[in-house]
Amino acid sequence: QNPKTSAIVKQLLAEGNAGELHKYFGSRMEFGTAGLRAAMGTGISHMNDLTIIQTTQGFCRYLEKNFSDLKKRGVVIGFDARAHLSSGGSSKRFARLAANTFISQGVPVYLFSDITPTPFVPYTVTHLKLCAGIMVTASHNPKQDNGYKVYWENGAQIISPHDKGISQAIEENQEPWPQAWDDKLIDSSLLLHDPYATVNKDYFKDIQKQCFHRNINKETSLRFVHTSVHGVGHKFVQLAFKAFDLSPPFAVPEQKDPDPEFPTVKYPNPEEGKGVLTLSFALAEKDGAKIILANDPDADRLAVAEKQESGEWKVFSGNELGALLGWWIFTCWKNHNRDTCAIKDVYMLSSTVSSKILRAIALKEGFHFEETLTGFKWMGNRAKQLMDQGKAVIFAFEEAIGYMCCPAVLDKDGVSAAVITAEMASFLATRNLSLSQQLKAVYDEYGFHITKASYFICHDPEVIQQLFDNLRNFDGKNTYPKSCGRFKVSGIRDLTTGYDSSQPDQKAILPTSKSSQMITFTFANGGVATMRTSGTEPKIKYYSELCAPPGNSDVEQLKKELDELVSALEKHFFQPEKNNL
């Protein structure tokens, strides 16, 4: 019943354009553990009013089956600022339609009245003890995309088998229920609640538990620039700085207000580094700021850059910032916990494709480190399990600039990460240390961890399948490569098939998934490289790391060695020319 999308369909029918119609209606968007992520537009392969209604009807039925008290507890729904003029879709409209679906079934809905950062949804789930949460966002994807991200009652993103259960329920509930399109009905409903004011107050109170140097924050002369890259982060990072008694950061004026067109950047993704930060560098030079904090558009990720002595800007990788925040959060914990026995209940987590620096710190300091599969859904769920056993999970991170610095949010949170980074930098400044100098000190103490990651783009699933099949049948059937160029392979873990050469029974410990490709190679020189497919983009990604024991300080030599390993990996394992990548 959306006039814009139905007009497009009628037009195509009139033209007899079977090709386009097949593109729109040939296959339904797949609902996975990340929920939905697709372009906004017409048909069941896109995000639009109809597919949001169908998805929410399925999700509602699945929740009714799992929670006898759903009508007492309810769900939370948040949204970012994305909008798509030609199809009439927007995050706010989708959120209202989803709210309408639940309310029509007598389920209370806590619908934010305005845009919020993604982490506010998982925070609200646990804070108000709700059954589930939905965030309508496509994070840092291109402007035409949108997404539907789902949280379970434990405050973490869903993992299997919930995705399959919800997916099946969507299939069974495709016809819109009566009044499904009329989202105005919710405005007069007693089941509609707005958590905006409460959550804004309580979230900033909760993150203050991670504020350890209020006096330094009040006095610091360090200046920060913040950009929200046309997304939702501006207001919330300003409030976070206020909560920590830090002077507000300078906001990049051209990027501080939400704009679904993302006019100043090619991709609204701070992971892309310097291109997204051009305006931030200019403002920092003008205002004499040394540090730049950049959130992605839904403010769950954080990139950081620092001006070096040379006048150059250094953009920290996700692994480098993970090392700094891990060191900082442990240091703060240690200074506030004099009881030496408490350390046996302290945990840090990171994903298997992230740097192993936390493992090195944990080994030396005596706390626990665990790695999980890629993605915060795994770290959030594991953190909750550990917390339920009375453990303290004080930090988790992934190399894709995602950080969980505060146990009140069991997901990555770019707002708390930004203000905690600012406090860390302010503290280091009192010791005349920059972030870069402290990073070197961390590596000096715990061993250098040099990482390099990139990706190839491939739009053909068959080519991807063939590439990974070749690796599994490298020298004849069921044989993996024994070397990569001059680098000898010493171990292989394949999380698609469940094989791990390092385990006595050759079975991998981490969960395996046949639907995604992921192979990790360990090399005799101490290098590790993982190749995997992306769940949300047409990419084959790789992650590599060389870990040296403390005391090996020839960084240039280590970098050279890793560069050569990566070149060999690209040449022999990816074969970009042959595979047209």
Computed label-point distance, nm, for sites residue 188 and residue 287 using a 7 Å Cα→Cβ extension: 4.7
Segment 295-305 - phi-based ³J(HN,Hα) in whole Hz, Karplus 6.51/-1.76/1.60, Gly and Pro as x: 9, 7, x, 9, 6, 9, 10, 9, 10, 10, 10
Range in the chain, longest, excluding exposed trypsin sites (Lys or Arg not before Pro) [loop by DSSP; at most 12 other beta-carbon atoms within 10 Å]: 130-265
Extended-chain gain in nm, criterion 0.36 nm per residue less alpha-carbon gap, residue 21 and residue 197: 58.9 nm
Share antiparallel - DSSP beta bridges, segment 319-446, percent rounded to 5: 25
List 152, 328, 181, ordered by accessible area with a 1.4 Å probe, largest first: 181, 152, 328
Computed accessible area, residue 457, all protein chains, 1.4 angstrom probe, square angstrom: 90
FRET E, pair residue 454, residue 72, Förster distance 41 Å, beta-carbon r, rounded to 0.05: 0.25
Kirkwood Rh in Å, taken over all unlike Cα pairs in segment 448-578: 15.4
Amide H contacts under 5 Å for residue 483, placed H, 5+ residues apart: 489
Label-point separation, residue 559 to residue 338 (7 Å along Cα→Cβ), nm: 4.4
Extension gain (nm, one decimal) between residue 534 and residue 4, 0.36 nm per residue minus Cα-Cα: 187.6 nm
22 Å Cα-Cα threshold exceeded, pairs from 23/377; 356/559; 92/384: 23/377; 92/384
Förster radius 35 Å - calculated FRET efficiency between residue 30 and residue 363 (Cβ-Cβ, nearest 0.05): 0.30
Mean residue ellipticity (222 nm) of the chain, computed from DSSP H runs ≥ 4 via -39,500 (n - 2.57), nearest 500: -11500 deg cm²/dmol
Stretchable slack from residue 238 to residue 503, in nm (0.36 nm times residue separation minus alpha-carbon distance): 90.5 nm
Solvent exposure ordering (accessible area, 1.4 Å, most first) of 230, 368, 336: 336, 368, 230
Rounded if a/c under 1.5, otherwise prolate or oblate - segment 3-193, Cα gyration tensor axes: prolate
Per-residue ³J(HN,Hα) for segment 246-255, Karplus 6.51 cos²θ - 1.76 cosθ + 1.60, θ = phi - 60°, Hz, x for Gly and Pro: 9, 4, x, x, 6, 9, 5, x, 5, 10
Residue 160-residue 473 pseudo-label distance in nm [points 7 Å out on the Cα-to-Cβ vector]: 2.3
Sites residue 572 and residue 254 - FRET efficiency at Förster radius 35 Å, r taken between beta-carbons, to 0.05: 0.20
Semi-axis lengths, Å, segment 266-413, gyration tensor of Cα atoms, sqrt of 5 times eigenvalues: 30, 17, 12
For the chain, the Rg and Dmax computed from alpha carbons only, in angstrom: 24.0, 75
Percent of beta bridges antiparallel (DSSP, the chain, rounded to nearest 5): 65
Segment 3-193 - share of DSSP beta bridges that are antiparallel (%, nearest 5): 50
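The values are calculated or read from the model by the stated rules, or taken from the named source; none is laboratory data. Being a predicted model, the structure only gives us computed values, none of them experimental. Every residue, glycine among them, receives a Cβ derived from its backbone with ideal geometry; neighbour counts consider all protein chains shown. All accessible areas refer to the heavy atoms of the entire protein, side chains included, with ligands and DNA or RNA removed. Shrake-Rupley method; radii C 1.70, N 1.55, O 1.52, S 1.80 Å.
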